[in-house]
Every structure is written in structure tokens, then in C-alpha cells.
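The next block holds one structure in the form of C-alpha cells; read it before the comments.
The values are calculated or read from the model by the stated rules, or taken from the named source; none is laboratory data. This is a predicted model, so every value here is computed, not measured. Heads up, the Cβs are rebuilt from the backbone with ideal geometry, glycines too, and the neighbour counts pull from every protein chain shown.
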Amino acid sequence: MAQVYFVPPQQATPVDRQAQRDAWIAFLGRWEWEWFCTFTFRDLVHPEAADKRFRVLISQANRVLYGHRWYKQGEGIRWVRALEYQKRDVIHYHALMAGVQDLRRLTWMDRWHELAGYARIEPIESTAAVARYVSKYVVKGGEIDLGGSLVPSELPLFAQAAFRPGDHEMGSETGSVKAGAATAQRLP
């Protein structure tokens, strides 16, 4: 399952941060989200362990919906997740999910309780409102990541970011990110 992380630069100005937030709101508004989720950890947990528990929950839900080989079929729940730290320095996620079909929210709240802590999962009434809420973490300097079938196997990047100046002819290359590693491809 591919995943993309976004952490805004620390030196970003308030205008830059607001522009980033506006871009995230527009980006997230492209999908019809079904669930707004809050996932809290009962204990202090390392960010990688927190990510793993979240992925376990998503994987289990995908198995219920699509079977054991869901990831090979290119199927799966689409999600966006914002990370923040609570006052007690424990990770806390807010997530938007789509593609959950007829999964029962209370079942998955109980499953999160078994895995990690407290969960609240609500149906979404306003996609715009939840997109604004999740994207505020860009302004706060938090992390937002995307996962599931939301992330294609290749994400286009700017050609100039993939090559040093003078190494290419203008407009003849594309860059992509595959499984988190930057690569470049020369087009015919």
C-alpha cells in the first residue's frame, strides 16, 4: 500500500501556510468521504508503531471488504490522516475514509480499542467541513498523509526537481515517487 507524507517547511510564512491549507482543502474536496475518524492512543507510542497500528486496522477492514488479496487487486479504503500530539504528548489521528461501503462503524471503533485506544467514527455530513478541519494541521505544522487507493503507484513531480539543471531538455522528462523513493523517467 503506497503512502505519501506531507510536512510543511518550518520557515513557511503565515501566507504560505494558508495557501497550503487552501490547496489541501481543494484537494481533499475531490472525494466523497464517508467517515470522519478520531483515533487516540491509550499510551505513549512511537510514531512508527502508531502508523503500524493504523495500517493494521485499515488492512483488517480491507480484508473484510475485498478479501485476503485486496492489495493485489488495487482495491481498498482511501484515507487521509492528520497527526497531532495531545497535551499528554501522545499521538492522536484525525482521518477521513472513503470506500468503507457497509462496514459497521461501532465494530471498527471496538477494533481500534483492542489495537490501541479510543476511537470515534462518525458519518460525514459535509465533505467541505471535514476537509477544512483535517487540513488545519498543515497550518499547525503537523503531518498529513494519504493512503489506500488514493495514492497511485506513480505521482508526478516537477521535472526540474528530478534532474539537475543542464541534465535534460526542457519538457522531456517526468519525475515520480514510487513507494516513497524519488525516481525520474525520461519520456520518448
Return the only residue of Val4, Val45 being within 24 Å of Glu75 (Cα to Cα), of a type in the set (A, V, I, L, M, F, W, C) and either surrounded by 14 or more Cβ atoms within 10 Å (Cβ to Cβ) or at pLDDT below 90 (or both). Val4
Kindly list, by first and then second residue, each pair from a residue in the range 50-75 that is within 17 Å of Arg104 (Cβ to Cβ) to a residue that is assigned to a helix (DSSP H, G or I) and at pLDDT below 90, limited to pairs with Cβ atoms under 9 Å and residues at least 6 apart or on different chains. Ile58/Gly148; Asn62/Trp70; Asn62/Tyr71; Asn62/Gly148; Arg63/Trp70; Tyr66/Gln73
When (1) more than 12 Å from the chain's Cα centre (by Cα); (2) closer than 26 Å to Thr127 by Cα are applied to Ile77, the one that fails is (1)
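Yes/no matrix, rows are residues, columns are (1) crowded, with 16+ Cβ neighbours inside 10 Å; (2) outside the structural domain of Gln20 (by TED's automatic domain parsing); (3) modelled with pLDDT of 95 or more:
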{"site": "Arg63", "(1), (2), (3)": "no, no, no"}
{"site": "Tyr66", "(1), (2), (3)": "yes, no, no"}
{"site": "Ile77", "(1), (2), (3)": "yes, no, no"}
{"site": "Ala82", "(1), (2), (3)": "yes, no, no"}
{"site": "Ile91", "(1), (2), (3)": "yes, no, no"}
{"site": "Leu103", "(1), (2), (3)": "yes, no, yes"}
{"site": "Thr107", "(1), (2), (3)": "no, no, yes"}
{"site": "Ala116", "(1), (2), (3)": "yes, no, yes"}
{"site": "Ile121", "(1), (2), (3)": "yes, no, yes"}
Take the range 123-149 and flag every residue that is over 14 Å from Arg17 (Cα atoms), modelled with pLDDT under 85 and of a type outside the set (Ser, Thr, Tyr). Gly148
In the list Arg120, Arg42, Arg53, which residue meets the criterion of being closer than 19 Å to Gly147 by Cβ and more than 14 Å from the chain's Cα centre (by Cα)? Arg53
